[in-house]
Amino acid sequence: MKTFNIAIDGPAGAGKSTIARLAAKELGFVYVDTGAMYRALALFFLRRGIAPGDAAGIRAALPEAEVTLRYENGEQVVLLNGENVNGLIRTEEVGKMASVTSPIPAVREKLRELQQKLAGETDVIMDGRDIGTVVLPDADLKIYLTADVSIRAQRRYLELVERGEACDRDELEREIAERDRQDMSRTVAPLKKADDAVLLDGSQLTVEQTKDEILRLYRSRA
Ligand code: DC
């Protein structure tokens with residue numbers, strides 16, 4: 001049976017994962033957070049002490065890293081060589097490393113195969129940077145979710161404060177802008193809106209409103 005695939009791409013902090021998770025729950029789809037897969041590999045490279053710029057070292061170590069996904073009570077659990085790393089991959093350090101290591105073609109190829117396999121097996125909402133453009137070019141619904149950089153920084157700031165992690169708001173905005181620049185300017189699978197993706201600017205929308213808009217788009221196509 002053909003599966004229904006929804007692709008959500010967009011810059012860091014646009015709310016993709018929160019919104020995709022909620023929408024997946026309502027639709028009974030599996031939510032696939034591809035950023036978490038890149039983060040798991042980044043954690044692996046950090047643990048190995050590989051320098052971010054050492055592309056040869058990264059390619060050499062890659063075959064020893066196995067990323068798999070498991071679902072527990074509807075939540076995605078990322079396993080790195082069998083270890084649940086969900087609680088270890090959300091730091092700025094891992095995010096930065098992921099931004100530097102994700103452009104390496106061998107890294108992308110490894111994860112792309114896993115992502116395509118999942119989408120072929122089950123109805124998914126998959127979020128990332130290149131889902132509509134590269135991973136699932138035939139997705140049934142493609143969304144490009146974005147928001148102003150200052151609003152994304154403010155939301156991330158409040159999130160970190162709530163978790164008790166001290167940070168500088170302006171510094172955070174600079175980091176997000178730099179992450180955008182890296183994700184959009186890389187030559188391999190850069191972040192960009194697919195021609196047939198619906199542009200959704202969530203700057204002035206709540207999470208709930210954005211999710212409802214995605215559900216509306218789904219219903220208009222299902
Ligand atoms: O969405 P995130 O912040 O968890 O993503 C972490 C990094 O991984 C980010 O710098 C971009 C990269 N990434 C990617 O290159 N392709 C994807 N499909 C998802 C994430």
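When 4, 29 are checked against the criterion of being touching a residue at least 60 places away in the same chain (Cβ under 8 Å), of a type in the set (Phe, Trp, Tyr), away from the ligand (no atom under 14 Å from the Cβ) and out of contact with any strand residue (DSSP E or B) (no Cβ under 7 Å at 6 or more places or on another chain), 4 stands alone in meeting it. The residue list 125, 58 contains one member that is touching a helix residue (DSSP H, G or I) at 6+ places or on another chain (Cβ under 7 Å) and over 29 Å from residue 143 (Cα atoms), which is 58. If the condition is being among the β-branched types (Val, Ile, Thr) and over 18 Å from residue 20 (Cβ atoms), then region 167-222 contributes 176, 187, 188. Restricting 163, 90, 70, 156 to residues that are at pLDDT below 95, within 14 Å of the ligand (Cβ to nearest atom) and either acidic (Asp, Glu) or surrounded by fewer than 19 Cβ atoms within 10 Å (Cβ to Cβ) (or both) narrows the list to 90. From 107, 77, which residue is without any contact (Cβ under 8 Å) to a residue 40 or more places away in the chain and in contact with a Phe, Trp or Tyr (Cβ under 8 Å, 6 or more places away or on another chain)? The match here is 77. Scanning region 13-26 for residues that are of a type in the set (D, E, K, R), over 18 Å from residue 180 (Cβ atoms) and within 16 Å of the ligand (Cβ to nearest atom) gives a single hit, 21.
Scanning region 73-87 for residues that are modelled with pLDDT under 95, over 16 Å from residue 115 (Cα atoms) and touching a helix residue (DSSP H, G or I) at 6+ places or on another chain (Cβ under 9 Å) gives 74, 75.
Against the list (1) more than 15 Å from the ligand (Cβ to nearest atom); (2) hydroxyl-bearing (Ser, Thr, Tyr); (3) more than 21 Å from residue 75 (Cα to Cα); (4) in contact (Cβ under 8 Å) with a residue 24 or more places away in the chain, the condition residue 144 fails is (1).
Inside region 37-53, residues that are within 11 Å of the ligand (Cβ to nearest atom), under 13 Å from residue 104 (Cα atoms) and not small (Gly, Ala, Ser) make up a count of 2. Checked against the criterion of being of a type in the set (Phe, Trp, Tyr), modelled with pLDDT of 95 or more and in a helix (DSSP H, G or I), region 20-34 has no qualifying residue.
If you go through region 165-186 and keep only what is over 20 Å from residue 90 (Cβ atoms) and assigned to a loop (DSSP other than H, G, I, E, B), you end up with just 186. One residue alone among 189, 194 is touching a residue at least 40 places away in the same chain (Cβ under 8 Å), outside any helix (DSSP H, G or I), touching a Gly at 6+ places or on another chain (Cβ under 6 Å) and crowded, with 17+ Cβ neighbours inside 10 Å, and that residue is 194. One residue stands out in region 101-116 among those that are part of a helix (DSSP H, G or I) and within 8 Å of the ligand (Cβ to nearest atom): the one that is surrounded by the fewest Cβ atoms within 10 Å (Cβ to Cβ), namely 111. Within region 162-184, residues that are within 15 Å of residue 128 (Cα to Cα) have Cβ atoms under 8 Å from residues that are surrounded by fewer than 17 Cβ atoms within 10 Å (Cβ to Cβ) and of a type in the set (Lys, Arg) in these pairs: 184/192, counting only partners at least 6 apart in sequence or on another chain.
The values are calculated or read from the model by the stated rules, or taken from the named source; none is laboratory data. For clarity, every value in this text was computed on a predicted model and none was experimentally measured. Neighbour counts are summed over all protein chains in view; Cβ atoms, including those assigned to glycine, are modelled from backbone coordinates with ideal geometry.
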